[in-house]
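Written below as structure tokens is the structure these notes are about.
A short reminder: the numbers here are calculations on the coordinates, not readings from a lab. In this text, all values refer to a predicted model and were calculated from it rather than measured experimentally. We place every Cβ from the backbone using ideal geometry, glycine too, and count neighbours over all the protein chains shown.
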Amino acid sequence: MTILISILISTINLLCFYFGLRIGQKVAKKEEIKIEGLNPVKVIDAISQSKEETKEQERRRIIAENIDNYDGTGIGQQDIP
């Protein structure tokens, strides 16, 4: 277990070193540093929108199953959320 943790920490250190080198080279060359995809508001909005779409798909699936299972009685019908 200790060896696994050491390997994991070493890998993370190497990744940080690599990204630091890349950013340092861009600063030295006076290039613009772009950080993409790190806007937490957009990430949270995308996650909530994805959850809403999943709920809507589940609702439509249940409605379609209810239509398929309809035999004139309430047997086999599911509640729609």
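Size of the dipole of the range 12-70 about the Cα centre, Lys and Arg at +1 and Asp and Glu at -1 on the beta carbon, nothing else charged, in debye to 20?
Dipole magnitude for the range 12-70 comes out near 480 debye.
Expressed as an acute angle from 0 to 90° and rounded to the nearest 10, what is the orientation of the C-alpha long axis of helix 40-69 relative to the principal long axis of the chain?
Helix 40-69 sits at roughly 20 degrees to that axis.
Could you work out Rg/(2.2 N^0.38 Å) for the chain, with Rg from alpha carbons only?
For the chain, the normalised Cα radius of gyration is 2.18.
With each pseudo-label sitting 7 Å past Cα toward Cβ, what's the Lys26-Thr2 distance in nm, one decimal?
Calculated label separation equals 4.0 nm.
Work out the FRET efficiency for Gln49 and Asp79 from their Cβ-Cβ distance, taking R0 = 22 Å, and round it to the nearest 0.05.
It comes out at approximately 0.35.
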